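The values are calculated or read from the model by the stated rules, or taken from the named source; none is laboratory data. Quick caveat: nothing in here was measured; it's all calculated off a predicted structure. Here the Cβ is made from the backbone with ideal geometry for all residues, glycine too, and neighbour counts use every protein chain on show. Protein only, heavy atoms only, side chains kept; ligands, DNA and RNA dropped before computing areas. Shrake-Rupley method; radii C 1.70, N 1.55, O 1.52, S 1.80 Å.
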Amino acid sequence: MAGVAEYRGATTAARFGDPQAEFATLRNSCGVYDLGCRAKISLTGGDRTRWLNGMVTNNIRDLAAGRGVYAFLLNPQGKILSDLYAYNRGESIDIDTDYSQVEKILATFDHFIIMDDVEVANRSEQLTALGIAGPKAAMVLAAAGFTIPEMQPLQAQAATWHGMECTLVRGEDEQHISYEIWIAPQSVRPLWDALRAAGATAVGSDALELQRIVSGIPTYGVDIRERDLPQETEQARALNFSKGCYVGQEIVERIRSRGAVHRKFTGFVTEGAAQVAAGAKIVAGEKEVGEITSSAYLQAADKTVALGYIRREVGVPGREVMIGTARATVVALPVENSVLSAESSLVQNRA
């Protein structure tokens with residue numbers, strides 16, 4: 001029986017068994033999971049591309065049909081209001097984001113659409129998604145009845161499964177293969193059962209959090225807050241500096257022209273199940289130099305992995321810091337498998 005929990009704005013299964021084993025499935029085999037926490041917003045109208053390009057931090061203007069990008073939505077002061085993926089679907093632009101961000105995004109869009117030919121539709125009740133990840137993901141999809149084309153990261157392609165229309169989206173991480181299947185809610189159960197029958201293991205949100213943290217992917221509202229500057233988040237994939245004007249661009253460009261920001265988002269690893277919680281302060285040389293935003297214990301490696309912000313001059317991979325009473329090492333993101341090995345010893349330079 002799956003445990004149920006609130007996850008990124010939606011209620012979903014937290015676990016089906018042991019979350020640590022489910023995490024191992026995502027890394028080594030194939031796991032299937034609910035993506036009901038992801039909302040879908042559709043933009044149509046003749047001005048949709050020009051208008052959205054003037055709203056977000058990445059290049060929508062030159063986005064080829066069937067391709068997507070990750071981007072931030074900023075306010076005029078350069079503060080991060082949300083993060084999202086935008087896909088050029090030919091006749092529309094589809095926005096994919098956390099359910100918890102929908103209200104703010106819709107309100108922001110409504111505020112900035114004035115005389116523009118842009119229609120915004122919240123399609124979250126008509127369209128949901130399942131995710132499938134792991135080295136055997138493509139094989140399981142094929143066994144379940146999908147024709148798997150050669151796809152690039154963040155490529156979206158219309159598909160049909162047993163007569164049902166859906167969209168197949170390739171995940172962004174090239175090292176750890178994943179796909180999303182966008183489909184009508186009434187089709188979720190038969191698709192879930194088919195993927196399970198084809199060899200996928202059911203995975204809950206607890207294991208997805210382990211995968212997210214090890215992969216170094218920040219969550220808005222947890223690791224990315226309005227007070228964080230875009231460049232502090234280290235999400236260069238969200239920024240384009242040659243696309244032209246957009247809301248908040250002046251601040252982003254000013255930060256770039258003046259040099260690096262003082263803080264950076266990075267990873268930390270401690271031995272054992274350390275008490276490293278969100279909000280914990282990071283100390284180096286008896287000075288407070290940062291804070292933790294997320295953490296997870298990996299049982300197989302007997303290590304705790306954390307994400308957070310640290311002063312840039314201290315946040316060098318291999319640097320040793322203190323998080324509460326735990327001795328931790330700064331690591332690059334995503335966390336390499338060699339660091340997660342139970343046999344590995346962390347390279348540590350005392351602060």
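Below are the figures for this structure:
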| quantity | calculated |
| --- | --- |
| Candidate set from the stretch 253-274 (those that are touching a strand residue (DSSP E or B) at 6+ places or on another chain (Cβ under 9 Å) and under 23 Å from Gly221 (Cβ atoms)); member that is surrounded by the fewest Cβ atoms within 10 Å (Cβ to Cβ) | His262 |
| Verdict on Arg196 being free of Cβ contacts under 8 Å to residues at least 12 places away in the same chain, open to solvent by 10 Å² or more (accessible area, probe 1.4 Å) and in a helix (DSSP H, G or I) | no |
| Test: residue in the stretch 66-86 that is touching a Ser or Thr at 6+ places or on another chain (Cβ under 9 Å) and farther than 29 Å from Arg254 by Cα | no |
| Whichever residue in the stretch 274-300 is part of a loop (DSSP other than H, G, I, E, B) and under 16 Å from Glu209 (Cα atoms) and, among such residues, is nearest to the chain's Cα centre (by Cα) | Ala278 |
| Any hit, the stretch 293-307, residues being at pLDDT 95 or above, open to solvent by 40 Å² or more (accessible area, probe 1.4 Å) and aliphatic (A, V, I, L, M) | no |
| Residue list for the stretch 193-241, filter: closer than 22 Å to Phe72 by Cβ and of a type in the set (S, T, N, Q) | Ser215, Thr219, Gln231, Thr233, Gln235, Asn240 |
| Residues within the stretch 216-245 that are of a type in the set (S, T, N, Q), outside any loop (DSSP other than H, G, I, E, B) and open to solvent by 20 Å² or more (accessible area, probe 1.4 Å), tallied | 1 |
| Sole residue being over 23 Å from Phe241 (Cα atoms) and either out of contact with any helix residue (DSSP H, G or I) (no Cβ under 8 Å at 6 or more places or on another chain) or surrounded by fewer than 16 Cβ atoms within 10 Å (Cβ to Cβ) (or both), chosen from Asp96, Asp117, Asp62 | Asp117 |
| The listed residue being in contact with a strand residue (DSSP E or B) (Cβ under 7 Å, 6 or more places away or on another chain) and within 27 Å of Asp34 (Cβ to Cβ), out of Ser100, Ser124 | Ser124 |
| Wholly within the stretch 25-102, strands (runs of 3 or more DSSP E) carrying at least 2 residues that are of a type in the set (A, V, I, L, M) and within 15 Å of the chain's Cα centre (by Cα) | 68-74, 80-88 |
| Leu35 without any contact (Cβ under 8 Å) to a residue 40 or more places away in the chain and open to solvent by less than 30 Å² (accessible area, probe 1.4 Å) | no |
